[in-house]
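All of the numbers you see were taken from the coordinates with simple rules; none came from a lab. If you're wondering where the values come from, they're calculated on a predicted model, not measured in any experiment. Every residue, glycine among them, receives a Cβ derived from its backbone with ideal geometry; neighbour counts consider all protein chains shown.
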Amino acid sequence: MSANAPTDFLPINGTDYIEFYVGNAKQAAHYYQAAFGFQPLAYAGLETGLKDRTSYVLRQEKITFVLTTALTPDSHIAEHCKLHGDGIRVIALWVDDAGRSFEETVKRGAKPYLEPKTETDENGEVVLSGIHTYGETVHVFVERKNYKGVFLPGFVKWDPVYKPASLGLKYVDHLVGNVNWGEMNTWAEFYHNVMGFNQLISFDDTDISTEYTALMSKVMASSNMYIKFPLNEPAHGKKKSQIEEYIEFYCGAGAQHVAMATDNILETVAKLKSRGVEFLRVPDAYYDTLMDRVGKIDELLAPVKEQGILVDRDEDGYLLQIFSKPVQDRPTVFYEIIQRKGAKSFGKGNFKALFESIELEQGKRGTL
Ligand code: FE2
């Protein structure tokens, strides 16, 4: 099947941008530059005529983050931050026809967020539309084929002196949503029926459980596989699962982690650590049996163990991955760094070791 087969009513070219609503966008922008190596791209705020918000746009290869903060207490951005803390509000998808994307999804039951609208400036025009998804998260469809500007109309180039080097993060591999008890199937069906996604994989608590925690997960993917959205739902365990902890602190469903791909995870992770990014660490015993479990890999075991990188194999190959600690004070959003060597899956073989290290952190927070 070609990338955008005629049966695909919602052809998506990729993730356009991810917008975070944060308490202090200026400082968050500095963090993503300094810690993750994102490059400054665009800005909108008081100086560009906005009265209620400021946004900084940062980019690394194909990953674009927008950090937005409220300038007034009564804005919906301030409300979002009050309720959820810093978090992901918009998962924007790059499409060829934002009008049709809106029509096709709303016709199938999506709740409208933004009626199609055309925005223009001297660099051309962009058509935007949007629909609601889980929690207060939204999908914005971005049609930018007639636009040559730096980001979107209304934004100006942001070119500060401070520009720490990129760290080799290339594209969004997948983006995971945590949904409430009993809602995973509802949202999996939403992605299937409303957006034409297919279910790649499903896990339940017999696959993913430790002594204390459990969860269920389904991975939904666009028909061209450019977009992958795993969805997690908490399952009953002896103690509180990390999904429950997230939902409690986020006050509802929301985006849990963004997985960003690299071609050299050992180098990228070493640099991220030197820039202050903190990662979860599995017990050293994980590495005692690693080679028996995954077989031969290109990397040497010693640096993989030293960096605390996890490895898993499926029928197509293997993958290397590591998970950051939450990047704000609420135990909510975090990042995964992933390098795929053929594998198309998500590291199921690592879930148990990983959750045990998350439980150690939850224990420290008193939220287990
Ligand atoms: Fe992941």
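Can you list the residues, at least 5 places off or on another chain, whose amide H is less than 5 Å from the amide H of F141, using H built in the peptide plane?
Counting only residues 5 or more places away or on other chains, the set is L93, S129, G130, I131.
Among D329, D52, D173, what is the fewest-to-most ranking by other Cβ atoms within 10 Å? Write down the numbers at each step before the final one.
On the way: D329 10, D52 14, D173 21.
With the fewest neighbours first, D329, D52, D173 line up as D329, D52, D173.
Looking at the calculated P(r) for segment 14-157, what percent of the C-alpha pair distances fall above 28 Å? Let's see the in-between values first.
Working: 1580 of 10296 pairs.
Everything past 28 Å amounts to 15 percent.
Sequence gap at least 6, Cα distance under 8 Å: using those rules, report the relative contact order of the chain to the nearest whole percent.
On the way: 833 pairs, mean separation 56.3, N = 368.
Once divided by the residue count of the chain, the mean separation gives 15 percent.
Under the rule of at least 5 residues apart or a separate chain, name every residue whose amide H is placed under 5 Å from the amide H of Q39.
Under 5 Å from the amide H of Q39: R59, Q60.
Taking 4 °C and 1.567 mPa s as the conditions, I'd like the Stokes-Einstein D for segment 169-365 in µm²/s, using the Kirkwood hydrodynamic radius from alpha carbon pairs. Walk me through the intermediate numbers first.
On the way: Rh = 17.2 Å.
For the chosen part, D equals 75 µm²/s.
Could you check how many percent of all C-alpha pairs in segment 72-164 are farther apart than 20 Å?
49 percent
Hey, in the GNM for the chain with a 10 angstrom Cα cutoff, which one of M220, M291, M184 fluctuates hardest?
Looking only at M220, M291, M184, the largest GNM fluctuation is found for M291.
Within segment 82-161, which GluC sites (Glu not before Pro) sit in a loop by DSSP and count at most 14 neighbouring Cβ atoms inside 10 Å? Each step should come with its number before you reach the end.
Values: sites: E103, E104, E119, E122, E125, E136, E143; in loops: E122, E136.
The qualifying sites are E122.
Tell me the mean residue ellipticity at 222 nm calculated for the chain from its helices only (DSSP H runs of n ≥ 4, each -39500 (n - 2.57), averaged over every residue, nearest 500). Each step should come with its number before you reach the end.
Working: 10 runs with 85 residues, N = 368.
Estimated from H runs of four or more residues: -6500 deg cm²/dmol.
Work out the P(r) tail for segment 282-339: percent of alpha carbon pairs separated by more than 12 Å, whole number.
Numbers: 1144 of 1653 pairs.
Tail fraction, whole percent: 69.
Please express the Cα-Cα pair-distance distribution P(r) of the chain as a list of whole percents, one per 20 Å bin, running from 0 to the bin with the greatest distance.
It works out to 29, 61, 11, 0, in whole percents.
By how many nm would the segment from D204 to K26 grow when fully extended, if each residue of separation counts as 0.36 nm and the alpha-carbon distance is taken off? Numbers along the way, then the final one.
On the way: separation 178, 0.36 × 178 = 64.08 nm, distance 4.04 nm.
In short, 60.0 nm is gained.
Need one number: nm distance between label points at V150 and R365, each 7 Å from Cα along Cα→Cβ, rounded to one decimal.
3.6 nm
Compute the length gained on full extension between V161 and K107: take 0.36 nm times their separation in residues and subtract their Cα-Cα distance, giving the result in nm to one decimal. The partial results should precede the final answer.
On the way: separation 54, 0.36 × 54 = 19.44 nm, distance 4.74 nm.
Stretched out fully, the V161 to K107 stretch lengthens by 14.7 nm.
Work out how much length D329 to K82 would gain on full extension: take 0.36 nm times their residue separation and subtract the Cα-Cα distance, in nm to one decimal. The partial results should precede the final answer.
Numbers: separation 247, 0.36 × 247 = 88.92 nm, distance 1.33 nm.
The D329-K82 span can extend by a further 87.6 nm.
Hey, what do the phi angles of segment 68-74 turn into as Karplus ³J(HN,Hα) couplings, whole Hz, using 6.51/-1.76/1.60 and θ = phi - 60°, x for Gly and Pro?
Going residue by residue, I get 10, 10, 7, 9, 10, x, 9 Hz, with x marking Gly and Pro.
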